[in-house]
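Take a look at the structure set out below.
The values are calculated or read from the model by the stated rules, or taken from the named source; none is laboratory data. Keep in mind that this is a model prediction, so the values were computed, not measured. Cβ sites come from the backbone with ideal geometry, for glycine too, and all protein chains shown count toward neighbours. Ligands, DNA and RNA are stripped out before the accessible areas are found, and what is left, the full protein with its side chains, is counted by its heavy atoms. Shrake-Rupley method; radii C 1.70, N 1.55, O 1.52, S 1.80 Å.
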Amino acid sequence: MKILANDGISQSGIDALTNEGFEVITTKVAQEQLINYINKHSVGALLVRSATKVRKDIIDACESLKIIGRGGVGMDNIDVEYARSKGIHVINTPAASSSSVAELVFAHLFNGVRFLHDANRNMPLDGDSRFKDLKKSYAKGTELRGKTLGIIGFGRIGREVAKIALGLGMKVIASDKFIGKATVKVDFYNGQFINVEIETEPMEDVLKHADFITLHVPAQKEYIIGKKEFGFMKDGAGIVNAARGGVIDEVALIDALDSKKLSFAGLDVFENEPTPAIKVLMNPYISLTPHIGAATNEAQDRIGLELASQISSIMKTEQ
């Protein structure tokens, strides 16, 4: 079977699939050319990340497709139920990138509380001539230890974020519509660990009591955080979104930052990807990354190997 990894796949994933006898194609095919390419080459499995969209038109037009795989968690770029109704297997890798996304959340949090995103802009420009002024500007940092982190969405990634927060000595509160409580296992050196049970709370309570908010929810039709929700938050709070673009109202976010209601934001995802709003990109209170939550070597290895394992299992079952 031919497998088209249209948004790329790790070498470990390619090796695992090749060893099982599959032909892996890593050519990047433009969205509008996908149907012709899949049909011309009789592609049996299409692997994507977030860039390629697999909608009804592809599903209907490509009879050779047996498997659609998403390297990551959210599958909002795939018409999942429709594909499954046509007998196509739809798979993803929900656990493979959790640690990578969680670590990026803290990269943004550390950036925000120590102004690193702004200092890294200004030091190259004025570090040699205004060193003392810049030192004074960035001299009012705060520590994460002892602060309260509010996690909106307490699934796999949310719980990985909680582990790091607990290890840092933060207080953790969480909100989730579908999870009442969860046990977070914090691993230490030499096999030692502690289990911490966290009961979720209404989102409004989390917003009111947290010093920092981080979002870990799937794509939504409406904003999760808008003007009303910003109003609930503590003055000077910070917020991080490494989940999906569109869960935060970016216009309301800019207003909250400019009015000093919020001290900073960290964004890895945006409403208008891949062309985020200029007002967002230029705001000095926002730490920015271009949707790289799962983009670590370790996560991509895990994603590739997990996809390979699932594809092999499916094909062996159908033989």
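Only one of the numbered conditions (1) at pLDDT 95 or above; (2) open to solvent by 10 Å² or more (accessible area, probe 1.4 Å); (3) at negative phi is not met by ILE225, and that is (2).
Tell me the residue from SER64, SER42, SER12 that is modelled with pLDDT of 95 or more, open to solvent by 60 Å² or more (accessible area, probe 1.4 Å), among the small types (Gly, Ala, Ser) and more than 30 Å from GLY153 (Cα to Cα), please.
On the way: SER64 fails: open to solvent by 60 Å² or more (accessible area, probe 1.4 Å); SER12 fails: open to solvent by 60 Å² or more (accessible area, probe 1.4 Å).
That would be SER42, the only listed residue that is modelled with pLDDT of 95 or more, open to solvent by 60 Å² or more (accessible area, probe 1.4 Å), among the small types (Gly, Ala, Ser) and more than 30 Å from GLY153 (Cα to Cα).
Residue count for segment 245-275 satisfying the condition of being crowded, with 21+ Cβ neighbours inside 10 Å and of a type in the set (Asp, Glu): 2. Candidates in segment 266-319 are the residues that are over 16 Å from ILE157 (Cβ atoms), in a loop (DSSP other than H, G, I, E, B) and polar (S, T, N, Q); of these, the one that is farthest from the chain's Cα centre (by Cα) is GLN319. Against the definition (under 13 Å from the mean Cα position of the chain (by Cα) and within 24 Å of HIS209 (Cβ to Cβ)), how does ALA256 come out, yes or no? Criteria not met by ALA256. So is LYS140 part of a loop (DSSP other than H, G, I, E, B), under 19 Å from the mean Cα position of the chain (by Cα) and more than 23 Å from ALA294 (Cβ to Cβ) or not? No; evaluated as a whole, the condition is false for this residue.
Taking each residue of segment 254-274 that is over 14 Å from ILE239 (Cα atoms) and looking for partners that are in a helix (DSSP H, G or I) and open to solvent by 10 Å² or more (accessible area, probe 1.4 Å) with beta-carbon atoms closer than 7 Å, six or more apart or interchain, yields GLU271/GLU250.
Looking only at segment 148-158, count how many residues are surrounded by fewer than 24 Cβ atoms within 10 Å (Cβ to Cβ) and part of a helix (DSSP H, G or I). Walk me through how you get there before you give the answer.
Within segment 148-158, the first condition is being surrounded by fewer than 24 Cβ atoms within 10 Å (Cβ to Cβ), and the residues that meet it are 148, 155-156.
With part of a helix (DSSP H, G or I) added as a condition, the list becomes 156.
So the answer is 1.
Applying the condition of being under 17 Å from PRO94 (Cβ atoms) and either out of contact with any helix residue (DSSP H, G or I) (no Cβ under 8 Å at 6 or more places or on another chain) or free of Cβ contacts under 8 Å to residues at least 40 places away in the same chain (or both) to segment 301-319 and asking which residue is surrounded by the fewest Cβ atoms within 10 Å (Cβ to Cβ) yields SER313. Filtering segment 183-200 to residues that are loosely packed, with under 10 Cβ neighbours inside 10 Å and not in a strand (DSSP E or B) leaves PHE188, TYR189, ASN190, GLY191, GLN192.
Any residue at all in segment 90-105 that is out of contact with any helix residue (DSSP H, G or I) (no Cβ under 8 Å at 6 or more places or on another chain), of a type outside the set (D, E, K, R), over 23 Å from PHE264 (Cα atoms) and surrounded by 14 or more Cβ atoms within 10 Å (Cβ to Cβ)? Checked segment 90-105: at least one residue is out of contact with any helix residue (DSSP H, G or I) (no Cβ under 8 Å at 6 or more places or on another chain), of a type outside the set (D, E, K, R), over 23 Å from PHE264 (Cα atoms) and surrounded by 14 or more Cβ atoms within 10 Å (Cβ to Cβ).
If we keep just the residues of segment 153-193 that are among the small types (Gly, Ala, Ser) and in contact (Cβ under 8 Å) with a residue 60 or more places away in the chain, which is nearest to ASN92 (Cα to Cα)?
GLY155
Scan segment 74-81 and tell me whether some residue there is surrounded by fewer than 21 Cβ atoms within 10 Å (Cβ to Cβ), more than 17 Å from the chain's Cα centre (by Cα) and closer than 21 Å to LEU305 by Cβ. No, that holds for no residue.
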